[in-house]
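The structure under discussion appears below in the form of structure tokens.
The values are calculated or read from the model by the stated rules, or taken from the named source; none is laboratory data. Computed from a predicted model, the values in this text were never measured in an experiment. With ideal geometry, Cβ positions are generated from the backbone for all residues, glycine too; neighbour counts draw on all protein chains shown. These area figures cover heavy atoms from the full protein model, side chains too; ligands, DNA and RNA do not enter into them. Shrake-Rupley method; radii C 1.70, N 1.55, O 1.52, S 1.80 Å.
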Amino acid sequence: MKYTVIGAGAMGYRYGVLLQEVAGLDVDFIDAWQPNIDAVREQGGVYVSRDHENRHLVPVNIYTPEEYHGEPDVWIVFMKQMQLTDMLKRCAHLFRPDQYVFSAMNGMGHIEKLQQYFPDQHIVGGTAMIATVLNGPGDVDFIGKSGAGEMHMCNRTEQADDITRKMEADFRAANLNPVLTDNFMGTLMAKVVFNAVVNTLCTMFRVQMGQFAVYEGIPELSRMMLDEAYDACERAGIQLISTRQEEVESIDYVSRVANPLHYPSMYQDFSKGRNTEIDYINGYIARLGRENDYICHVHEFVTKQMHLAETMRQFTDASVVADAQPAATKPELALV
């Protein structure tokens, strides 16, 4: 099948380049960040490294939504939640009734937006425990050895049709390690509750995941936040694909062993003065609880605290907010 990636950032490049280079498929990219588009066109492609080594140029086709005229079988969407509405409007003229869409974006809110353009049977949602670094325009670094990380995917109808299974096969051929599930909301929410602990707390204290895991009270703190999230989900009729204890263990393993040097993408947004996706992660859990007569006190608090921190940046010297690396070379990291 032919794929077109909407959002040529860290994860968009990861999926698109692996589908093109490893699986040998036809892939295009659409992006809205002009410096990224200009760099790729000037270079003749995107520079790809793995664990900071073997940097090489991969030729890719990249377009703005207004320039593109391709007709893919599947759209792959990796945008920030806050940017998605505008990007979908710009791409709306490209969507066809027979096309499918896959997205493994951080947080929740994107599925409802995709439903405005695609029927449920053509929507495949997913999660990805895959670390990738966007060094700058047209320059990406895949973290981990070939085949590192895993992903889950599920058709919105929770019935895997032929196209969904073909997508799974293509992702497997690209070394993305897909796991097909039949629990749509349980699959997506399992990653949301993970991010609600790790992404948010690492950002609040401006630390790497391995540094976060040093605190001996992390399992207890994780369980406190997870219990609220699971209670909210259960009241909403959502059964997550992992148990509470499995999620505690996942937070510990991914932080301490799998990605100890990783700064979550929320931290990168915050450190660069951008708004974070807190409303789509902890804020989403808090809203889910309120809608089902349950107050998630911790998630309510950290959502407001993150917005307070965003507001306070105007009074804080940039050198205190950001790390010591110069802004021009500081990488953007994404674990989605």
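Highest-first packing order for the peptide set 262-271, 35-44 is 262-271, 35-44, based on the mean count of other beta carbon atoms within 10 Å. Take the alpha carbon gyration tensor of the range 204-259, find the square roots of its eigenvalues, order them as a ≥ b ≥ c, and report rounded if a/c is under 1.5; if not, report prolate when a/b exceeds b/c, else oblate. Prolate is the answer for the range 204-259, as a/c is 1.5 or above and a/b outweighs b/c. Based on Cα contacts under 8 Å between residues 6+ apart, the range 17-129 shows a relative contact order of 20 percent.
Counting only protein heavy atoms and a probe of 1.4 Å, the accessible surface of the range 145-285 is 48% carbon and sulfur. Which listed residue (241, 118, 196) has the Cα farthest towards the positive end of the charge dipole for the chain, taking +1 on Lys and Arg C-beta and -1 on Asp and Glu C-beta about the Cα centre? So the residue furthest toward the plus end is 196. Placing +1 on each Lys and Arg Cβ and -1 on each Asp and Glu Cβ, with no other charges, gives the chain a dipole about its Cα centre of roughly 440 debye.
Placing unit charges on each Cβ (+1 for Lys and Arg, -1 for Asp and Glu) gives the range 1-153 a dipole about its Cα centre, and among 8, 130, 76 the Cα reaching farthest toward its positive end belongs to 130. Checking the a/c ratio against 1.5 first, then a/b against b/c, what shape does the Cα gyration tensor give for the range 1-146? Prolate.
Under 5 Å between amide hydrogens, built in the peptide plane, is the criterion, and for residue 76 it picks out 4, 5, 6, 102 among residues at least 5 positions away or on other chains. Centre-to-centre, using Cα atoms only, the range 17-51 and the range 101-168 are separated by 17 Å. Considering only 59, 178, 97, the Gaussian network model of the chain with Cα springs below 10 Å gives its largest mean-square fluctuation to 97.
The GluC sites (Glu not before Pro) of the range 206-307 meeting both criteria, a DSSP state outside H, G, I, E and B (loop) and at most 16 other C-beta atoms within 10 angstrom of the site's C-beta, are 216. Summarising the amide proton neighbourhood of residue 262: residues at separation of 5 or more, or on other chains, whose placed amide H is nearer than 5 Å comprise 209, 210. The residues of the range 16-94 expose, per residue, 47 Å² of accessible area to a 1.4 Å probe. Shape class of the range 73-183 from the Cα gyration tensor (axes a ≥ b ≥ c, square roots of the eigenvalues): oblate, since a/c reaches 1.5 or more and a/b does not exceed b/c. Between the residues 142, 20, 39, the greatest Cα displacement towards the positive end of the dipole of the chain, with unit charges on the Cβ of Lys, Arg, Asp and Glu, is found for 39. Highest mean packing first, where packing is the average number of other Cβ atoms within 10 Å per residue, the peptides 62-69, 79-86 line up as 79-86, 62-69. Relative contact order, whole percent, for the chain stands at 17, derived from Cα pairs under 8 Å and 6 or more residues apart. Quick one: go through the range 225-264 and flag any residue whose amide nitrogen is under 12 Å from the point 7 Å out along the Cα-to-Cβ line of residue 294. Once the point is set 7 Å along Cα→Cβ of residue 294, 226-240 turn out to lie under 12 Å by backbone N, inside the range 225-264. Each label point was placed 7 Å from the Cα along the Cα-to-Cβ direction; for residue 146 and residue 249 their separation is 3.1 nm. A helix-only calculation puts the chain at -12500 deg cm²/dmol for mean residue ellipticity at 222 nm, using -39500 (n - 2.57) for each DSSP H run of at least four residues, averaged over all residues.
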